[in-house]
1. Pick out, from A:Cys150, B:Ile295, A:Ala209, the residue whose Cα sits farthest towards the positive end of the charge dipole of the protein assembly as shown, with +1 on the Cβ of Lys and Arg and -1 on the Cβ of Asp and Glu.
2. Mind checking which aspartates and glutamates have their Cα closer than 12 Å to the Cα of B:Lys347? Skip sequence neighbours fewer than 8 apart in that chain.
3. Which order do peptides B:30-39, B:204-213 fall in by mean Cβ count within 10 Å, highest first?
4. Which of the listed residues, A:Pro188, B:Val352, B:Met28, is farthest toward the dipole's positive end in the protein assembly as shown, when Lys, Arg count +1 and Asp, Glu count -1 at the beta-carbon?
5. Taking the Cα centre of the stretch A:37-88 as the origin, how large is its charge dipole in debye, to the nearest 20, when only Lys and Arg (+1) and Asp and Glu (-1) carry charge on their Cβ atoms?
6. What number comes out for the charge environment of B:Gly7, summing +1 per Lys or Arg and -1 per Asp or Glu over other residues with Cβ under 14 Å away?
7. In square nanometres and to one decimal, what's the mean projected area of the convex hull around the Cα atoms of the stretch A:37-88?
8. Just need the relative contact order of the stretch B:362-430 here, percent rounded to a whole number, with Cα pairs under 8 Å and 6+ apart.
Amino acid sequence: MDWVPVILAFSVLGVIGLVFGVVLSLADKKLKVETDPRIGQVREVLGGANCGACGFAGCDAFAEAVVEGKARPNGCPAANAEAIGAILGISVEQGEKMVARVICQGHNGVATERYQYDGYKSCATAAGVAGGPKACRFACIGLGDCEKVCAFGAISMENGIAKIDENRCVACGNCVDKCPRNVIRITPADAKVIVLCRNSDSGRVARAACMKACIACQRCVKTCKYGAIAVENGFARIDPEKCTRCGECAKVCPCGCIVDYSVVTPREA
Amino acid sequence: MHHQHEGKLPTRNIPIRDFVSDTVCIPMGMHLGAPSKPCVNKGDLVKLGQVIGEPVGGLGLPVHASVSGEVVAVEERQLLGAAPGMCVVIRNDFADEWVEGIQGYGNVETVDPAVVIPAIKAAGICGMGGASFPTHVKLSIPEGKTCDTIILNGAECETFLTADFRLMLECPGKIVDGLRAVMRALNVKRGVIAIEDNKPEAIETMRKAASGREGVEIAIMRTKYPQGGEKQLIKAVTGREVPSGKLPIEVHTIVMNVGTAAAVADAVIDGRPLIDRITTVTGCVQRPANLRLRIGTIIGDVIGECGGFSEEPGKIVFGGGMTGLCVPDTDVPMTKANNGIVVYNVKDARSVDESPCIRCGRCVEACPIGLDPYRIKHYCDKGDLEAAKQHHVLDCILCGCCSYNCPARRWLTASFKNTKDAIALEARRKK
């Protein structure tokens, strides 16, 4: 066997490789772009779901902006702001923990059904078919448009309405934008006592539509010692600033539409 | 595509008959555009043809009382749309006394062309084939555009419906009069009445009625859904293709439904406002029929008139089988654009669960526009509006052929409608 061509091929390729290697290593030294190593470190701490809650195009863009001082270090609701502060060498206060909450308790069997929906599984479509399958036009439709856009897997459909896992929710607000009924609200996580209804119809109509609808009876308003509850547009609303989370209103609500999360967990509600 | 299942047989040979119920509920938002503003109050006595809703905005149309009697309610009711709509409910006194001041212009061949379009607007006429676009707006040709052909759509390709077919058989003169009135108003020399070849009797009758009328011709179309789609019809009749995202006037054409033409004839000749329309009632009812119904007739009454349900109803649809809208209950009123009521039994109404796309390409073959439905559906499911737009989801006419043909029973048309709505919403938000 003639070994010469084999050795020749090896040595030619070897020399070419060596030359390119030297050129590339020189280019790497010469043309190096200085990047702040902190950008990578900050990026590591972020959620990585590119949810857009910070207002930037994605996690990479946010990390860069934070290091350059163009974004608030506590702008990412999914990340630990203190960890970002430690990387940057500054003290950062974690923003108030917010969560998305479904302002509706219209489960199957609780909310009156107007018709049986058997079409395309999309809340937007169902909402357009004669006002939706539930008699209440403010109710969660429960076909999961929000579940599809949640990048954190925090939303599931249970018994005809959306359930949000508060431990997973980072309040990015994508579900809020998607909901055709506007039934999801971003609320402070420690606002433990909330009115889970926003039906603005008259009490009679609201009650006919759902057993857990707010009928604007004002009992909660009268019970609250701190003036934290107001009935506007036909439903009650609790001001989380004034509310002391005493839970007295939840005890007197005749429709069970005020829920005290310090007594019941969101799962049971 | 599937004319063998068109379902027109039960009502095809049944003559139109009148039905007037004792209460009507007239919605204010029957046309495309802002709903009209009610101008009567509870307790008022109204006469036939009296204006009860005043037009609002550029696409506004007046609404007229379709019966005489007492207004018993002016209230919001849940109709077919997402939000409740304002309605005027009138209890019929069966006097059928016309309001004073109804004045026509007589023969369409001698009428002053300038009065035609105002008469159409005053009569509250909108497209009666289903889209309910205000007719006077359609006939107002924008600056710089010209029209040389008016096509009357008598294709009635939609399944189950025979309302236009019966109208062509029974009132052919009115249809031709309406067409001539519009041709004279716009100074158009060519008017074509397009009819599918599964309606030979209608072709014969219309041909007789059109003979001797200036510029009116009959075009025979192949029976093929969606032959009656506006853009498909223009292509079939004139050979011109409407560019993507443009209106038919771009190719110098206007398309109107035959029912609209008949309403135009009434408005111009007698000054009669649009108070009734012909509707096919078919499916699981005891006696399927073609009825001339007053606008606002409650469909429960209509089904009663047809002998009630023949089987347990699973779904009631306004319009035809391919593009119709489901109704939630039998309290919903008739609108100007509603050409059919189809009742399905429980078995036929049931949807089959969606399964994954098997890439058979039948939707691509079926699409009359030439889109790739399977691919657009992928982007719609992902929520990628930009990509869906790039694949021309906005050109989809929502005919339903792809969904009908899909062996995996995927919700193609429904998701395209969703995406089109989402794109429109986003455009509105950006403004």
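1. The one lying farthest along the dipole's positive direction is A:Cys150.
2. Answer for B:Lys347, where 12 Å is the Cα cut-off: B:Glu311, B:Glu312, listed by chain and number.
3. Numbers: B:30-39: 19.7, B:204-213: 16.4.
Sorting B:30-39, B:204-213 by mean packing, highest first, produces B:30-39, B:204-213.
4. A:Pro188
5. My answer is approximately 80 debye.
6. -2
7. Mean orientational projected area (the stretch A:37-88, Cα hull): 2.8 nm².
8. Details: 72 pairs, mean separation 23.9, N = 69.
Averaging sequence separation for qualifying contacts and normalising by length gives 35 percent for the stretch B:362-430.
The values are calculated or read from the model by the stated rules, or taken from the named source; none is laboratory data. Predicted, not measured: the structure shown is a model, and the values here were computed from it. Note that each Cβ is placed from the backbone with ideal geometry, even for glycine, and that neighbours are counted across all protein chains shown. Accessible surface is based on the protein model in full, side chains and every heavy atom, while ligands, DNA and RNA are left aside. Shrake-Rupley method; radii C 1.70, N 1.55, O 1.52, S 1.80 Å.
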